[in-house]
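A short reminder: the numbers here are calculations on the coordinates, not readings from a lab. For clarity, every value in this text was computed on a predicted model and none was experimentally measured. Neighbour counts run over all protein chains shown; Cβ positions are idealised from the backbone, glycine included.
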Amino acid sequence: MTVMAAPVKAASGLNLPTYADIEDAARQIDGVAVRTPLLRSDALDEAVGGKVFVKAEVLQRTGSFKFRGAYNRISRLTPAELKAGVVAYSSGNHAQGVATAAKLMGAPAVIIMPADAPALKIENTRALGAEVVLYDRATESREEIAAQVQAERGGATLVPPFEDRFVIAGQGTAGREIIQDLQGRGVTADVLLCPTSGGGLTAGIALAMRALSPTTDLYGVEPFGFDDYARSIAAGHRVKNPAQSGSLCDALLTPEPGEMTFAINQTRLAGVLAVNDEEALAAVAFAFSWLKIVVEPGGAVALAALLSGKLKLDGRTAVAVASGGNIDPAVFIRALG
C-alpha cells in the first residue's frame, strides 16, 4: 500500500542535517567503516520482474549500518567527553555499533537494551566491551533509564539511535555509496526501498537521494502491525505504535518516528510499505540461498516487499537495502526450514 502524505507542518527549531553533512561524514568514517557492496542475482530479478541491487549492509562492521552513524558521532567527541563515556539505548544493532565505536575511541559505553532483545545481540554487545542494562520495554522507558545513567556517570554523552544530526548524516553515507556505485555502472535506480523504524537510515538516504538521484522514488518498509511511519505520514504528524513488541523484526520496533527524521522523511517518501513476519522470513531464506548473505528479519523487509509483490517493478530498476544481519540462530533455522 502506498500512503499519501497529509499536509506538511513546518519543522521549527530542529538542527537538521544536509547533504553537506553526509559528505563530511563520509570523510570522517573513511577507512574505518566498510564500503559495502551492491549485490545482484538473476534469480532475484526473475522473481520480481525487474533489476534489483541489494545494498549489503550486513557486511558492515558489527553486521549493520548502525556503525556508520555511531562512529560519526562518537569520533567527534572531545577527550573529556570520551573519558566520561557514552550512553545509548537499542534493541541490538545500534548497541553493537555504539559499543564498537566507543571501543575504537577508548570511551566506556553503557547500553540500555530490552530484556526480550535477541540473546545474540545482547551477548555481542557485552563482548564488545559495553556494559548492558536490561529493561522491560512494555513497562519501562529507555529514555528515562538513559537519563538516570547519564546523571550517575557524570554526564556521559547520549548517542541516540536516530535523533541526532551526526547519526543521520553517518547513515546517509550508505545512500551516497549506493548512488556512486550505480553511477559507476551507468545505472539510475527507479526506486529504492529501505527498512524504516525510527527513520535515521531512511532520512540519511533521503538526503543523499535528493542531492544525487532526485528522480529515484524512495519507499520505507515497516513490519506489519508496527506501521507508525505510514500512519504518521497519513496523519501529518507523528503517531505511536500501539505495541512495543510482537514481531520478529525486532530491529524495527521503535515507539514512534523521530522528530528530526520525520521532518526529513515526510516530504521525501514516495510511500511506505508493510510486510509480515512470514514474508520477512521468506526474504531471509532467499537472501541466503541466492545472494549468499545472512540477513535478519528486520534487515530483510525491503527485499521482502519486492519478493511479496508489495511493490511491482514491471521491468524497472530497484535498490533494496539489507540493513542488518544479526539474526538469532533459532530464527535463522526457522527461516531456512
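The figures follow:
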read-out: Farthest positive-ward along the stretch 243-331 dipole, Cα basis, beta-carbon charges - from 302, 281, 257; value: 302
read-out: Which of 289, 41, 323, 213 has the fewest Cβ neighbours within 10 Å, and the rest in rising order; value: 289, 41, 213, 323
read-out: Whole-Hz ³J(HN,Hα) from phi, Karplus 6.51 cos²θ - 1.76 cosθ + 1.60, for the stretch 106-111, glycine and proline x; value: x, 10, x, 9, 10, 10
read-out: The stretch 66-158, relative contact order in percent, only Cα pairs under 8 angstrom and at least six apart counted; value: 31
read-out: Estimated dipole of the chain in Debye, rounded to 20 [Cβ of Lys and Arg +1, of Asp and Glu -1, Cα centre]; value: 680
read-out: Dipole magnitude (debye, nearest 20) for the stretch 66-158, charges at Cβ of Lys, Arg, Asp, Glu; value: 480
read-out: Cα centroid of the stretch 114-170 to Cα centroid of the stretch 210-278, whole Å; value: 21
read-out: GNM flexibility winner over the chain from 300, 43, 274 (Cα, springs under 10 Å); value: 43
read-out: Shape call, the stretch 66-158: gyration tensor on alpha carbons, a/c limit 1.5; value: oblate
read-out: Residue exposure sequence - 240, 121, 310 - by fewest surrounding Cβ within 10 Å; value: 240, 310, 121
read-out: Tally of Lys pairs whose C-alpha atoms are under 20 Å apart, taken over the chain, 8 or more apart or cross-chain; value: 12
read-out: Beta bridges by DSSP in the chain, antiparallel share as percent, to the nearest 5; value: 10
read-out: In sequence order, calculated HN-Hα J values of the stretch 203-214 (Karplus, 6.51, -1.76, 1.60; Hz; x Gly/Pro); value: 5, x, 5, 4, 5, 5, 5, 4, 7, 10, 8, x
read-out: Which of 259, 279, 123 has the fewest Cβ neighbours within 10 Å, and the rest in rising order; value: 123, 259, 279
read-out: Residue 34 paired with residue 136, simple spin-label distance in nm, labels 7 Å along Cα-to-beta-carbon; value: 3.8
read-out: Inter-label distance, nm, simple model (7 Å from Cα along the C-beta direction), residue 148/residue 23; value: 4.5
read-out: Relative contact order (percent, whole number), the chain, Cα cutoff 8 Å, 6+ residue spacing; value: 24
read-out: Among 223, 118, 161: highest mean-square fluctuation, GNM of the chain, C-alpha pairs under 10 Å; value: 118
read-out: The stretch 144-224, relative contact order in percent, only Cα pairs under 8 angstrom and at least six apart counted; value: 32
read-out: Three-way shape label, the chain, alpha-carbon gyration tensor, a/c 1.5; value: rounded
